[in-house]
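Only one structure is covered here, and it is reproduced in the block below.
Here, each number is a calculation from the coordinates, and none is a lab measurement. None of these values were measured; they are calculated from a predicted model. Reconstructed Cβ throughout: ideal geometry from the backbone, glycine too, with neighbour counts over all protein chains shown.
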Protein chains: 2
Amino acid sequence: MSTQAPHLTATQERSLRDIFPGDSLLLTPEQTLVFATDAGRRMGTPLAVVRPTTEAQVVELLRLAQTERLPVYARGRASNQVGACVPDRPGIVVSLLHMNRILDIADDDFVAEVEPGVVTSDLQRAVEARGLFYPPDPASIEISTIGGNVATCAGGMRALKYGVTREYVLGLTAVLPGGKVLRTGGRCHKNVVGLDLTRLFVGSEGTLGIVTRITLKLLPLPQATATLLAGFDSMEAAMHGVRRIFRAGILPVALEFLSPEVLDCVARRQTPPWPDSVRGALLIRLDGSRESLPLEVRRMHDALHTAGDAADGTPGNEPPVWSAHGVGHDEEEPLWAMRRGISPSSYLVRPNKIGEDIAVPRGRLLDALTGIRAIAQAHDLPILTYGHVGDGNIHVNIMYDGADPSETTRADAATVEVMRLVRSMDGTLSGEHGVGMAKKEFLHLQLSPLETELMRQVKHAFDPLGIMNPDKAY
Amino acid sequence: MSTQAPHLTATQERSLRDIFPGDSLLLTPEQTLVFATDAGRRMGTPLAVVRPTTEAQVVELLRLAQTERLPVYARGRASNQVGACVPDRPGIVVSLLHMNRILDIADDDFVAEVEPGVVTSDLQRAVEARGLFYPPDPASIEISTIGGNVATCAGGMRALKYGVTREYVLGLTAVLPGGKVLRTGGRCHKNVVGLDLTRLFVGSEGTLGIVTRITLKLLPLPQATATLLAGFDSMEAAMHGVRRIFRAGILPVALEFLSPEVLDCVARRQTPPWPDSVRGALLIRLDGSRESLPLEVRRMHDALHTAGDAADGTPGNEPPVWSAHGVGHDEEEPLWAMRRGISPSSYLVRPNKIGEDIAVPRGRLLDALTGIRAIAQAHDLPILTYGHVGDGNIHVNIMYDGADPSETTRADAATVEVMRLVRSMDGTLSGEHGVGMAKKEFLHLQLSPLETELMRQVKHAFDPLGIMNPDKAY
């Protein structure tokens, strides 16, 4: 490569200008800089940023990009943590934020048709106003887009009862390199005709094509919700609480765990409602009809508070030492505000964070949490663990001071050990965030050479020249 | 091709004998005949039938088949309706019924590991005995296998609330042509690392490889179930009943429709509990905790029986003219026995049947049923419609007398019209059965040339020589 900074040729630039008039094409570094990164803060090199408003523009773009062998990076709000939409090779960034129309909400079909740039919470509010329900709720819900959620198969707290984004994508339109338009699936809730190309796109991290339209399944909106916060005297007791809930035959909407370190962290910003004896907590959401929900709350309370059955040989199966609950939005909100406070308050511990989102088989949760605690002690770093334990999905925040070279080195070393620990338990490197750039170095721990080779060959069917988000994800 | 009947070479036969000793290799026509067909009664040509008990045997087989370019047809119980496992080109049939071990039921992981030949209901009983729940329940549940369910992405009555087989497959092992062993996914309930090869296998109808091990997600077993049968004075009123239920915010476990023709059919074999005024019915299952279920039954009853809201402009939104309900297995069983009686009693109408399983967007159900009725009248043939209307999935049984050439011709013509009608509503040719051989002639109505080309290229990544269930599905 020459020493000159990478740039578009004059002809390429003119071609882009023909497709993207006015400020739908950004070229200067001042304009494109913000599109060079994502929430994970890795930086790439946008040769240009284009902001299509129509499928036809995306078709023209991918025709040009294919001819010119230009890498293409689609993005929504870039709330991604792993660099999945960062243009690490110089290329064209495609912002889909101007394709943000909710095209249809069909009450009788229980279907929504949307463009990829629709913000997830905007869609949720729109369908809820009509008594409908779109369950996936990644933590980034107020900023992230449906297109981004599809690219990463976003999960969220409600995934325990309602499943992840994959379960809600019934069909989609995607433009492929060269400009071919692929329409898969449709508005039917069940469809088993041919290979499942629709779900192949879900979680593909922008490596197959650019999704321009998405058909989503909706559910009837549950009438009511309730939240319980149960405090235990140890992490172990909280994990036994998880077992109590499932053994009682209850499948909560959400089941979140907060480690002692996280409780301490939250307590730095607000006076916590729980007594000092609480050293581990579960935050639980239930839903149902107005009539039955109070019974379900009582049932959950009983499941948690009844003394453990010694007959099953579970050691330390103690009930919570404290609990609180709220029925309905106003009563529930303070409990969830506390949960949302974890991420901001984590920076009171250290200014920098490596945020992982591993998952393990549900029965290995306590082993994983114990192992991660040992890694924290060995490296003398705070590691905050919390998240969707109902799914076995734990957010692991390795906190460090980036200005301290020793802490930085130790944080990197701890990350490697967490990954190895997780894989030793048949866990996964990512339950929600995806691979992007960040986890490629660990992929060999999880994917066999045969799997990655098959993934690359499948990609080749869609993207023979390898221009779609190259070198990412697999 | 020579006029000689297709057969294995002596060398091929010897190689198979080396891998499959004793009666795990069947060669004579008397032995192989039963493996030549499926529940759809199409006939193929097995050159040999092999019955592996180990993955190692499957590896050896697919090494040999690749070298010798021999087509390979995997099958379980062959309850498939569309010829998906019929060896329509002469080839090796692989019966997986001897790989039928439940390898693990992990209470804390909420996971089961099974071989493909496990009968679905056997797995369900085994997990339910431990307070766990495997929801997919295709009608063939007492005979069909998990491997077959994975190959077809089997649905069933409970799919409305709990989703289809795809939602429960967390990982699998598949042997590919040439003998490579692919292991995908794992025991984690969430996993977003790389392209989703696991779900690509679900519904792939044996065209990519032979699945030898499957990891399934389990749920906590609901404590109690209840069933309601609601009878309406017309098909239209029954369809309005479907809308009432969803508008009340209720997502039942199952929501089955029975057309007037089906009710008449059932009445030929048993004295029906409903009065003569009933000309359309909904059979509804609910589940939940012992405490809340009675409230949910009352809520469903209220949603159905409260007079329709004229404000929404729905014409004919009348409540049921009759209903009955039962709580718990013993009270529910007579209602479901009636549902199971549909298929046997249909043969009292005519000796032959073309059974389709189309789906339409949920809001087009009444249009689809009305259109199918018009097709029945135009061709002067009984067409029975019933099934999973909650999903928009309708079983369409076109009844005819195969000994009557005119009826046979009209039945074929009616089938084509049903398919065209469904596609005019953005429906799908198959909600559950798959494509196999039977629906290939209609595929062009649904899949674009680009889609089928991509599916073939994806297949090529797994099966470059095209030996896995060739010419099927897409």
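Note on the range B:10-98: antiparallel DSSP beta bridges, both residues inside, total approximately 25 percent of the bridges counted. Each peptide in A:205-217, B:281-293, A:19-31, B:390-402 gets a packing score, the mean of other Cβ atoms within 10 Å over its residues, and the list from highest to lowest is A:205-217, B:390-402, B:281-293, A:19-31. For the range A:21-178, treating each Cα as an identical point scatterer without solvent, what Debye log10 I(q)/I(0) comes out at q = 0.10, 0.18 1/Å? For the range A:21-178, the Cα-only Debye profile gives -0.38, -1.11. Per-residue mean of foreign Cβ neighbours for B:420-427 is 2 (Cβ atoms of other chains, 10 Å radius). Stretching residue B:380 away from residue B:143 to a fully extended chain increases their span by 81.9 nm, per 0.36 nm per residue minus the current alpha-carbon distance. In this rough spin-label picture, where each label sits 7 Å from Cα along the Cβ direction, the residue A:347-residue B:33 distance is 7.8 nm. Just check the protein assembly as shown against the gyration tensor rule for me: Cα atoms, a ≥ b ≥ c as the square roots of the eigenvalues, rounded for a/c under 1.5, and otherwise prolate or oblate depending on whether a/b exceeds b/c. Rounded shape, in that the Cα axes give a/c under 1.5. Taking 14 Å as the cut-off, no amide N atom of the range B:397-438 comes nearer than this to a point 7 Å along the Cα-to-beta-carbon line of residue B:373.
Computed from phi, the 3J(HN,Hα) profile of the range B:151-166 under the Karplus parametrisation 6.51, -1.76, 1.60 (θ = phi - 60°) reads 4, 10, 6, 4, x, x, 5, 7, 4, 4, 8, 10, x, 9, 3, 3 Hz, with x in place of Gly and Pro.
Distances between copies at residue A:101, taken between label points 7 Å from Cα along the C-beta direction, are 5.8 nm in increasing order. Here is the size of chain B from its Cα atoms: Rg then Dmax, 23.3, 77 Å.
Inter-chain Cβ neighbour count for B:197-207, averaged per residue, equals 4 (cutoff 10 Å, partner chain atoms only).
Each other copy holds its own label point for residue A:31; taking that point as 7 Å from Cα along Cα to Cβ, the gaps run 7.5 nm, nearest first. The mean number of Cβ atoms from other chains found within 10 Å of a Cβ in peptide B:285-293 is 4, as a whole number. Starting from the label point of residue A:69 at 7 Å along Cα→Cβ, the same points in the other copies fall at 3.5 nm, in ascending order. When DSSP beta bridges are restricted to pairs lying wholly in the range A:63-169, around 50% turn out antiparallel. Residue of chain B with the Cβ closest to the rotation axis carrying B onto A, and that distance rounded to whole Å: B:292, 2. Residue by residue, the range A:274-282 carries 3J(HN,Hα) couplings of 8, x, 4, 5, 7, 10, x, 9, 10 Hz when phi is fed to the Karplus relation 6.51 cos²θ - 1.76 cosθ + 1.60 (θ = phi - 60°); x denotes Gly or Pro. Couplings 3J(HN,Hα) for the range B:87-94, derived from phi with the Karplus relation 6.51 cos²θ - 1.76 cosθ + 1.60 (θ = phi - 60°), are x, 6, 9, x, x, 8, 8, 10 Hz, where x marks Gly and Pro. Take the Cβ atoms of residue A:14 and residue B:448, set R0 to 45 Å, and the FRET efficiency comes out at 0.85. When you count the other C-beta atoms within 10 angstrom of each residue and take the mean per peptide, A:191-204, B:409-422 line up highest first as A:191-204, B:409-422. Packing, as the average of other Cβ atoms within 10 Å across residues, places the peptides B:146-156, B:431-441, A:347-357 in the order B:146-156, B:431-441, A:347-357, highest first.
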